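None of the figures in this text is laboratory data; all of them are computed from the coordinates on show. What you see is a predicted model, and the numbers here were worked out from it, not measured in a lab. Virtual Cβ from ideal backbone geometry, glycine too; neighbours counted across all protein chains shown.
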Amino acid sequence: MQQINYTLYQESEYQLDKRKIKGILFDMDGVILDTEKLYTRFWQEAAQFFGYPMTREQALGMRSLNREAGKAQLEAYFGKGVDYGEIRNKRIELMNAFVEKEGVTEKPGIRELVTYLIDQGYKTAVATSSPPERTRLYLESVGLADKFDILVSGYMVERGKPEPDIYLYAAEKLGLKPSECLVLEDSPTGILAAHRAGCVPVMIPDQDEPTEEVKKILAVVAPEPRGVQDLLQDIRREREEH
């Protein structure tokens, strides 16, 4: 496959040109919306409010984690005495106040990608760790809520990311096999969830680039949404030629 605006990893494992990709599953924060930076900021501010000097790197490590994993991560940072629920609630309070005043914005190029997917007949889903109400509110605020076939929240499944449940559920709701779905993620936690689900993990980096460990389970890195469109066009071209 010609590399235009993406980088292939693990091509022999995923054999993308031989897969019949029918669905695209989107993480929301950091992929569709430019909100991941807000989580980073307000995890830090919330932790600091209770006297814990959380660094940016530590805040990045909190991305997309379910409650159990998030609690374990905070305890690894600050010890067993840290109150995950207290800090998380403060983070939600601070972030909600900011969003109510400033709103949220979509990531550059995401609307064009979604339009292309609709035009080409791909099934689409949002699969986010955010609560259902917040998911719909944020997407409606930028006019994107009705552009996806389904909206799936981590609150709808037993286990959140990095477990595979949300992507297995989203694929099932679309009537697809996990192997028929690309997953667009910005965080290592989300990439791991997609990999465990048997989907094709595609990273669109937001706040940091994939580590060497993440690259081992990645199929593709696209620096921007346009790269995903290039990838899908190349997959289709490869299939037609053979």
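Things worth noting here:
- Ordered by the count of other Cβ atoms within 10 Å of each Cβ, fewest first, V31, V228, V157 give V157, V228, V31.
- Rounded to the nearest 10 degrees, the inclination of helix 188-197 to the longest alpha-carbon principal axis of the chain is 50 degrees.
- Among D208, D119, D27, the largest mean-square fluctuation in a Gaussian network model of the chain (Cα springs under 10 Å) belongs to D119.
- Length gained when the stretch E100-K215 is fully extended (0.36 nm per residue, less Cα-Cα span): 37.7 nm
- Summed residue charge, Cβ within 14 Å of Q233's Cβ, Lys/Arg positive, Asp/Glu negative: -4
- Inverse of mean 1/r across different Cα pairs in region 36-102, Kirkwood, Å: 11.8
- E68-E240 FRET efficiency (beta carbon distance; Förster radius 35 Å; 0.05 resolution): 0.15
- Remark: for residue pairs K22/K161; K37/K90; K22/K147; K107/K147, the C-alpha separation exceeds 18 Å in K22/K161.
- For a label point 7 Å along the Cα-to-beta-carbon line of Q120, residues of region 225-242 with backbone N under 13 Å: 225-240
- Considering every alpha-carbon pair of region 1-55, the percent of pairs per 5 Å bin, from zero through the bin containing the longest distance, is 4, 14, 12, 14, 13, 11, 9, 9, 8, 4, 1.
- Antiparallel content of DSSP bridges confined to the chain, in %, to 5: 15
- Cα long-axis angle, helix 110-120 against the chain (0 to 90 degrees, to the nearest 10): 30
- Relative to the dominant Cα principal axis of the chain, helix 36-49 is inclined by about 20°.
- Note on region 41-145: Cα Rg divided by 2.2 N^0.38 Å, N the number of residues, gives 1.29.
- Here the ratio of the Cα radius of gyration of region 126-242 to 2.2 N^0.38 Å is 1.08.
- Measuring between their Cα centroids, region 19-94 and region 105-159 lie 20 Å from each other.
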